[in-house]
Amino acid sequence: MNPDLRSFITLLSQNAPEDILTIREPLSLRYEPTACVLELARKGKHPLVIFENLKEALFPVVTNVFGARRRYALAFGTTEDRIMDEWLSRSQRVIPPASVKEAPIKDCVRLGGEVDLHKLPVLTHFQEDAGPYITSGIAVAKDPDTGVRNASFHRCQIKDKNTMGISLHSRRHLWDYQRRSEAKGKNLEVAVVIGCHPLILFGTGLWKGPIDADEYYVAGGFLGEALEVVQCETVDLDVPARAEIIIEGEILAGVREDEGPFGEFTGYSSYNSTRHVLKVKAITHRRDAIFQDIVPGLSQEHNSMLAVPAEPRMLEVLRRVVPSVKDVAYPFSGACRFHCYVSMKKIAEGQPKTAVFAAFSEDTSLKLVLVVDDDIDVHNEEEVIWAMATRMQADRGVFVIPGCMGAMLDPSANEGFTAKMGIDATRPLVGWKATRCTVPDNLRGRVRKILEK
Ligand code: MN
């Protein structure tokens, strides 16, 4: 039996009960849950939060599941420093999904006139948002030509009881499916999956691969066992059997309506949308469903979901061109999308620049790639900026490439047209005279014991 969202919460409550915060106060669906998570973050706290008693909500809402890297590690059954290795090894194997006949996702089936999106406890996150948004929804669809499945995160705005606005502005596989289906005059069938075990989310929504890769196979690789799937009620798709909630429907061909604004990972409210419309035909859910929310905007949860998959992918690419690359970080201060820190053991001058070029061509949303020596911990931003302060000379170490493709959601770019900055903050191989101040390593254990007293 596949693990699911509730088994993950149980595991967390056994391993780290202090990492779950349950709020029983009757709060509004509008802004208050988001305000709670952001207030906790300001105090440096990032627990998984369960809202048991939101006003007018039929189900509890769980949010910030991915607000801390230690919970990615728990999902993998490993430690934080091993997340990258686990990600790389699990994403390299594929296991075909397995169909099941009976599934908890079919506990409650709402069809036709019984469909009512307003019955779901969908949060309105920011006062600039156009309305309530499903932020954890993974849209599943089939390639209209090959039948290969795609599964990817898309924001969904609740419009009325059976209509959602959906944006495909990342312009990846689902966007391509919809475009080709629309060219044939056909609606595109989709199922929006809410509330799965983190490993299923990693393999579907967060993993990025070629268009002919079926993400259910990848999810199997992440799980280490076949993803159990069950047939939908009204569309020709199958969905994870132990998900919490499924919304079945069609993205309408030839129809566009305003969608957004919505608080994006940049920390800004974004009007950028492909303005697609999703007509809902069925909602199925577990009897005591848990509604999962992902904190949008510039939040630890939203942004770590960008960084955690991007770092191993980038590490692999960089090591192909410079094998002595040690580590990669997408820092939160760069919105986990625009800035990348790389550490390496430099063997030859020019290698940092090679790494910078490789990084820019691998990830077009990057605007700054900063390379440091291998004695610098790229996950510790103070060390990175210190290395830049003490090892870099701007006339040699900084270079700018104007007029490149960038991220559509970068408010400082012109329709995604942007400049790129590379910084080489490594020490020169010849002529470097400074030595770092240190105390003997073997004293650390001794002083620690003294200080503990
Ligand atoms: Mn895909």
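Taken together, the values in this text are just the output of simple stated rules run on the coordinates, not laboratory data. In this text the structure is predicted, and so the values were computed from the model without any measurement. Here the Cβ positions follow ideal geometry from the backbone for every residue, glycine too, while neighbour counts run over all protein chains shown.
For a label point 7 Å from the Cα of Val109 along Cα→C-beta, name the residues of the stretch 182-217 whose backbone N is under 20 Å from it. Answer for this model: 189-194. Amide H to amide H distances under 5 Å link Ala282 with Glu248, where only residues 5 or more positions off or on other chains count and H is placed in the peptide plane. Backbone amide hydrogens, once placed in the peptide plane, bring Ala419 within less than 5 Å of Gly403, Cys404, excluding anything fewer than 5 places away on its chain. Counting other Cβ atoms within 10 Å as a rough exposure proxy, the listed residues Leu21, Leu278, Leu12 run Leu21, Leu12, Leu278 from fewest neighbours to most.
Helix 443-452 and the longest principal axis of the C-alpha atoms of the chain enclose an angle of approximately 60°. For the stretch 263-278, the residues whose amide N sits under 20 Å from a probe point set 7 Å from the Cα of Ser412 along the beta carbon direction are 264-272. For the stretch 233-239, 3J(HN,Hα) computed residue by residue from phi via the Karplus equation (6.51, -1.76, 1.60; θ = phi - 60°) reads 7, 10, 10, 7, 9, 10, 9 Hz, glycine and proline entered as x.
What dipole magnitude, in Debye to the nearest 20, does the stretch 207-274 give about its Cα centre under +1 on Lys/Arg Cβ and -1 on Asp/Glu Cβ? Before the final figure, lay out each step's value.
Values: 3 positive and 15 negative charges, 59 e Å.
Computed about the Cα centre, the dipole is about 280 debye.
Taking the DSSP beta bridges in the stretch 365-453 as the whole, what percent of them are antiparallel, to the nearest 5? Bridges in the stretch 365-453 are about 65 percent antiparallel.
Each residue of the stretch 311-318 is assigned a 3J(HN,Hα), and the resulting list reads 5, x, 4, 5, 4, 4, 5, 5 Hz, derived from the Karplus form 6.51 cos²θ - 1.76 cosθ + 1.60 (θ = phi - 60°), x at Gly and Pro. The antiparallel fraction among DSSP beta bridges confined to the chain stands at about 75%. For the chain, the dipole from Cβ point charges (+1 on Lys and Arg, -1 on Asp and Glu) about the Cα centre works out to 940 debye, to the nearest 20. At 7 Å along the Cα-to-beta-carbon direction for both Asn442 and Arg275, put a label point, then send me their distance in nm to one decimal. Taking the two extended label points, one gets 7.2 nm.
Say R0 is 51 Å: what FRET efficiency, to the nearest 0.05, do Arg319 and Asp176 get from their beta-carbon distance?
Working: r = 30 Å, r/R0 = 0.58.
After rounding, the FRET efficiency stands at 0.95.
If the chain linking Thr364 and Trp432 were pulled fully straight, counting 0.36 nm for each residue of separation and taking away their Cα-Cα distance, it would gain 21.1 nm.
Converting phi to 3J(HN,Hα) with the Karplus coefficients 6.51, -1.76 and 1.60 and the offset θ = phi - 60°, the stretch 178-183 yields 5, 4, 6, 5, 5, 4 Hz in sequence order, with x at every glycine or proline. Between 0 and 90 degrees, the angle of helix 5-15 with respect to the longest Cα principal axis of the chain falls at about 50 degrees. Just to confirm the number: angle between the C-alpha axis of helix 32-42 and the first principal axis of the chain, 0 to 90 degrees, nearest 10? Between helix and principal axis, roughly 10 degrees. Relative contact order of the chain: what whole-number percent is it, with Cα pairs under 8 angstrom and at least 6 residues apart? Normalised by residue count, the contact order of the chain is 15 percent.
Tally the DSSP beta bridges in the stretch 12-104 and give the antiparallel ones as a percent, rounded to 5. Working shown, then result.
On the way: 3 of 8 bridges.
The antiparallel proportion sits near 40 percent.
Quick one: length gained pulling Arg93 to Arg396 fully straight, 0.36 nm per residue minus the C-alpha distance? Intermediate values should be presented prior to the final figure.
Values: separation 303, 0.36 × 303 = 109.08 nm, distance 4.29 nm.
Extra length from Arg93 to Arg396 when fully extended: 104.8 nm.
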